[in-house]
Structure formats: structure tokens, C-alpha cells
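The values are calculated or read from the model by the stated rules, or taken from the named source; none is laboratory data. On a predicted model such as this, the values are computed, not experimentally measured, just so you know. When we count neighbours, we look across all protein chains shown, and the Cβ atoms used for this are built from the backbone with ideal geometry, even at glycine. For the accessible areas, the whole protein counts, side chains as well, though only heavy atoms, and no ligand, DNA or RNA atoms are used. Shrake-Rupley method; radii C 1.70, N 1.55, O 1.52, S 1.80 Å.
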Amino acid sequence: HAADAHRTDLMTITRHVLNEQTKHPESRGDFTILLSHIVLGCKFVCTAVNKAGLAKLIGLAGETNVQGEEQKKLDVLSNEVFIKALVSSGRTCILVSEEDEEATFVEPSKRGKYCVVFDPLDGSSNIDCAVSIGTIFGIYLIKEGAEPKLEDVLQPGKNMLAAGYCMYGSSCQFVLSTGTGVNGFTLDPSLGEFILTHPDIKIPKKGKIYSVNEGNAKNWDNPTAKYVERCKFPTDGSPAKSLRYIGSMVADVHRTLLYGGIFLYPADKKSPSGKLRVLYEVFPMSFLMEQAGGQAFTGKQRALDLVPTQIHERSPIFLGSYDDVEEIKALYAAEVKK
Ligand code: P6P
């Protein structure tokens with residue numbers, strides 16, 4: 001059974017992606033090499049995050065250390081690790097990071113055909129209380145033959161070749177889709193390898209959990225307010241939904257993916273485009289949800305159809321179980337008809 005398979009048939013991410021690669025005979029393994037560098041970055045961040053508490057104690061991450069040197073904040077450190085890993089892979093040409101105002105254009109000698117958009121440490125404000133945080137990434141193919149330009153990363157999410165996240169929580173979980181379903185891997189620290197533990201993840205069609213920051217309720221628009229009201233006071237005799245909100249997107253989305261339900265970060269009067277970023281939060285999570293049989297909606301359209309115009313653009317997002325998102329889509333459609 002699974003445990004024995006783990007012991008003898010080690011399905012690591014690399015082996016898993018190599019299996020996927022055999023479905024693309026024309027592939028030269030570039031994607032596999034790119035992914036192995038992303039995985040390396042995640043392993044580094046995992047150890048750094050797990051030491052963060054101790055580091056704070058002995059004055060490392062984000063504090064002045066024993067030599068009195070100002071140590072980098074974990075999100076800055078993580079960003080540098082990912083940028084260096086991605087550039088050194090020799091498979092990327094444009095990088096967009098939550099931490100960098102401008103996109104990084106890789107020098108020609110190290111250039112490859114992939115564009116990577118990522119948040120190196122999303123939810124990093126939660127580090128000091130040891131709440132789960134994560135790395136989120138998406139991968140595009142550069143447009144044919146052109147000199148890399150910003151338009152190559154301003155593509156709709158449906159053009160992504162792959163997307164995933166790594167959650168640094170009670171265990172280190174790497175969740176990935178390359179367009180043919182979603183697979184989850186758990187880091188085995190004794191091996192330093194991610195092992196396939198959640199093959200072919202499918203999100204329940206309907207869930208019992210809603211996940212939203214209720215503190216913003218006074219600013220919500222009608223459809224969101226109505227939907228949340230229905231979660232709390234169902235009119236069809238069904239039981240009320242439970243509220244689970246961690247305030248760390250990777251953790252809230254990972255729970256939604258495995259247990260079902262809906263995650264909402266709506267627009268509100270304070271932030272008319274919502275808070276979450278299109279390229280490296282909304283698109284990767286929407287890609288995964290659709291690949292797992294769920295869906296993702298912006299309040300106006302299918303999230304993956306959105307065409308971003310700026311690399312740090314925000315969008316409202318409603319994602320999760322197919323039927324739950326369908327309900328809020330109907331409320332927004334009814335609002336438009338008024
Ligand atoms: P709020 C964390 O800062 C983050 O970017 C996401 O990880 C998380 O889902 C969201 O913001 C939480 O935002 O406004 O509810 O604190």
C-alpha cells in the first residue's frame with residue numbers, strides 16, 4: 001500500500017514530471033529543469049521558515065544577528081533565492097516577483113523560453129506567529145521568436161503552462177498542476193525530497209466552509225453580502241456553513257482544495273479591485289482550482305480569462321467548489337440585470 005510504495009517506489013516530483021514529459025516527445029526537458037530549480041528554492045525557504053522562530057531567538061532573520069549585522073527579512077531572502085535559482089536554471093527569460101516593483105529580464109546568455117511569476121513568501125506577515133505561509137508560482141511560455149518584452153507576462157491565466165504553491169506548515173506541501181490535473185507532494189526531510197502523497201486531487205463539488213475576512217463586511221457589495229448571509233442563514237433548510245479564515249492565502253486555498261468550500265477576497269469600497277494580485281496569487285490558485293474540478297470567478301468573469309495590463313494588478317476573487325462558486329456567480333449575474 002501507499003507506505004510501502006513510498007519506501008520502495010519513490011515517486012518524487014522530478015520523477016513525476018519526467019513521466020509527464022514523456023507525453024511530450026518534442027520536449028527537451030527544459031520544463032523539468034526549470035521545475036527542479038523552483039523545487040530547490042522551496043526546499044531552501046522551508047528550512048529558513050522552520051528556523052525563523054529560532055532565528056528570531058538568536059537574532060538572525062530580520063533582526064541584527066550576533067555580529068550586529070542587519071539580517072534580511074525572510075521574504076526578501078526568499079525572493080533573492082528564487083531569482084538566483086530561476087536565472088541559474090538557464091530556462092527563464094522574464095521573472096515577475098511580488099517583492100520587485102519591476103520585472104527581471106534575464107541576460108541573453110542565461111535566457112530560456114519560460115516566464116515565471118511568483119510570490120516568494122505570501123502571507124509573510126504571519127511568520128512571527130508561526131501560521132502557515134507559502135510560495136505561489138505560475139509559468140508561461142514566451143511568445144514565439146520575439147525579444148522578451150513585458151507583454152510576454154501580461155497574458156491571461158488560461159495561457160499558463162503550469163502553476164503551483166509550496167505551503168510551509170505543519171508539513172511542507174508542494175501542490176502542482178502542469179495542465180493535466182493536480183498532484184500534491186510532501187517533503188520528506190530525511191530524504192530532502194518531495195514525495196507524491198496526494199495523487200490527482202479533486203475538490204469536492206460542494207463544500208461546508210466559507211473563507212472570507214468578515215471584518216470587511218461593511219464595505220462589501222450586495223452580491224457578496226447576500227452570499228455570506230446565505231452561508232450563515234441558509235434559506236433552503238441546509239445547515240449553515242462553517243467560517244474558516246487563516247489570513248494566509250496558501251493555507252486558506254490548500255484547505256479549500258482538500259476539504260471543499262469557497263475562498264473569497266471580494267472587491268470592497270476601500271479596495272475596488274480587491275487585494276490579491278492577478279499574476280502570482282489569483283491566476284495560479286484559479287488554475288489549480290479549475291484543474292481540480294472547481295472554478296474561479298472575479299465577480300465579472302472567469303478569473304483565468306482576465307488579461308492583466310500591469311504586473312502587480314489586483315482582482316477580486318471567488319474560488320473553490322464548483323457549486324459554491326456557481327451560487328455567487330448567479331448572485332452577481334442577477335445584480336447586473338437590475
Ligand atoms: P486580509 C497575506 O497578507 C495576503 O496577501 C494573503 O496571503 C491573504 O489571503 C490576504 O493577504 C489576507 O488579507 O486583508 O484578510 O488580512
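A few points about this structure:
- Residue list for region 265-302, restricted to those being of a type in the set (Phe, Trp, Tyr), under 18 Å from Val228 (Cβ atoms) and within 14 Å of the ligand (Cβ to nearest atom): Tyr265
- Some residue of region 275-285 being in contact (Cβ under 8 Å) with a residue 12 or more places away in the chain, acidic (Asp, Glu) and under 25 Å from Asp152 (Cα atoms): yes
- Residue that is more than 19 Å from Asp268 (Cβ to Cβ), under 17 Å from the mean Cα position of the chain (by Cα) and crowded, with 21+ Cβ neighbours inside 10 Å, where the choices are Ala292, Ala296: Ala292
- One residue stands out among those in region 195-219 that are in a loop (DSSP other than H, G, I, E, B) and either within 16 Å of the ligand (Cβ to nearest atom) or hydroxyl-bearing (Ser, Thr, Tyr) (or both): the one that is most open to solvent (accessible area, probe 1.4 Å), which is Asn213.
- Taken over region 283-309, the criterion of being charged (D, E, K, R), within 30 Å of Pro199 (Cβ to Cβ) and not in a helix (DSSP H, G or I) is satisfied by Arg302 alone.
- Members of region 310-326 that are of a type outside the set (Gly, Ala, Ser), outside any loop (DSSP other than H, G, I, E, B) and open to solvent by less than 60 Å² (accessible area, probe 1.4 Å): Ile317, Phe318, Leu319, Asp323, Asp324, Val325
- Residue identified as in contact with a strand residue (DSSP E or B) (Cβ under 8 Å, 6 or more places away or on another chain) and over 25 Å from Ile139 (Cα atoms) among Lys270, Lys241, Lys337: Lys241
- For Ile136, the stated conditions hold: it is aliphatic (A, V, I, L, M), open to solvent by less than 10 Å² (accessible area, probe 1.4 Å) and within 16 Å of the ligand (Cβ to nearest atom).
Residues are listed down the side, and each one gets a yes or a no for (1) over 24 Å from Ala217 (Cα atoms); (2) among the charged types (D, E, K, R); (3) touching a Gly at 6+ places or on another chain (Cβ under 8 Å):
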| residue | (1), (2), (3) |
| --- | --- |
| Ser273 | no, no, no |
| Val282 | no, no, yes |
| Gln291 | yes, no, yes |
| Gly294 | yes, no, yes |
| Ala303 | no, no, yes |
| Gln310 | yes, no, no |
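- Selection over region 79-105 of residues that are assigned to a loop (DSSP other than H, G, I, E, B) and surrounded by fewer than 23 Cβ atoms within 10 Å (Cβ to Cβ) gives a count of 8.
- Among the conditions (1) open to solvent by less than 20 Å² (accessible area, probe 1.4 Å); (2) of a type in the set (D, E, K, R); (3) more than 16 Å from the ligand (Cβ to nearest atom), the only one that Glu144 does not satisfy is (1).
- Restricting attention to region 147-158 and to residues that are open to solvent by less than 70 Å² (accessible area, probe 1.4 Å) and without any contact (Cβ under 8 Å) to a residue 60 or more places away in the chain, the residue that is nearest to the ligand (Cβ to nearest atom) turns out to be Asp152.
- A count restricted to region 236-264 and to residues that are assigned to a helix (DSSP H, G or I) and within 10 Å of the ligand (Cβ to nearest atom) stands at 5.
- Number of residues in region 1-35 that are of a type in the set (Ser, Thr, Tyr) and at pLDDT 95 or above: the value is 0.
- Verdict on Thr224 being farther than 26 Å from Val278 by Cβ and either within 16 Å of the ligand (Cβ to nearest atom) or β-branched (Val, Ile, Thr) (or both): no
- Unique residue being modelled with pLDDT under 95 and in a helix (DSSP H, G or I) when the list is Glu229, Glu151, Glu147: Glu151
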